[in-house]
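Contents: one structure, followed by commentary.
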């Protein structure tokens, strides 16, 4: 779904993993504490994060749900292919099971593993999400209609509350509204659909000529940033909106960015290279409050990294993109550009991609890592101390 975004750091932040060797094998910094580690598996697994520590691991044919104490609650198996999974706040589990390229099951399970309901949908390229308020969304491409459709589905029965034609990619704001992104990146307006008004359009804001809408980043408070890019160049236009879809700020910058993130307070930062590494900070009103130049000694130490997370104290966590050798490093940099901690993680490569919009989960105060190491796939979650 996030074809342009998958190369960016915000997704990579959620997708590394750690070794299962003894803790002495790691160089943990005092800034991180391990809160969860998945069992060692040889086939590719994915992870779904829930509330109160609930999480699920899944491969193509099975899904396992764990509670906050890491106790397995159920093990679901299917002959179909599981392509997506979400855990709601009430601990219900929703799965997409692909039957073929143009037909899927949307399966709802209680936390006991008992079937809640199952819905057949004639759609391909399917995706789903559950908002913090518990609203369930399904989207996919209908071959017969030759169109993308977005469904708001009633969670108790599986009935469709409303269906809307939309552009193919969806990002969900903290208020549960839908930022509508064209699948082929030829959209010239930012569009927002309201969930409380049956998917009717709440916003249509023009994008600067020559720029294509690429992706969106959302905050816990409901503010969101829309990023547009001109071709394949390091030429970006950023639009900052509040939860009421009011434009707070818009600006252009022409340089390679090293990550853009909101923290839990709704503050926004862009890390970018323009002759040196800079940190451009914005407050919750969209006003730029500082533009910090990172010391060259720090920039050299964190070369080939991207900003993947910002905590409530405005510390920025930079992750190197390549394993050198068989090791990834996570660097903690203060809002003023000082390097204060480093965590080394044994790993050989990153695995897959993951929905970066995890601010709404209890897991938000940390990082989820997935990595491949010595024949195994492992997920670990680390929280800030």
Strands (runs of 3 or more DSSP E) wholly inside segment 74-132 that include at least 3 residues being at pLDDT 95 or above, at negative phi and surrounded by fewer than 17 Cβ atoms within 10 Å (Cβ to Cβ): 115-121
Looking only at segment 133-169, and only at residues there that are within 25 Å of residue 53 (Cβ to Cβ) and touching a strand residue (DSSP E or B) at 6+ places or on another chain (Cβ under 9 Å), the one that is surrounded by the fewest Cβ atoms within 10 Å (Cβ to Cβ): 156
Any chance residue 213 is more than 20 Å from the chain's Cα centre (by Cα) and either free of Cβ contacts under 8 Å to residues at least 40 places away in the same chain or not in a strand (DSSP E or B) (or both): no
From the options 194, 176, residue that is surrounded by fewer than 21 Cβ atoms within 10 Å (Cβ to Cβ) and touching a helix residue (DSSP H, G or I) at 6+ places or on another chain (Cβ under 9 Å): 176
Check on residue 202, modelled with pLDDT of 85 or more and within 19 Å of the chain's Cα centre (by Cα): no
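The values are calculated or read from the model by the stated rules, or taken from the named source; none is laboratory data. Small disclaimer: the values here were computed from a predicted structure and weren't measured. Here the Cβ is made from the backbone with ideal geometry for all residues, glycine too, and neighbour counts use every protein chain on show.
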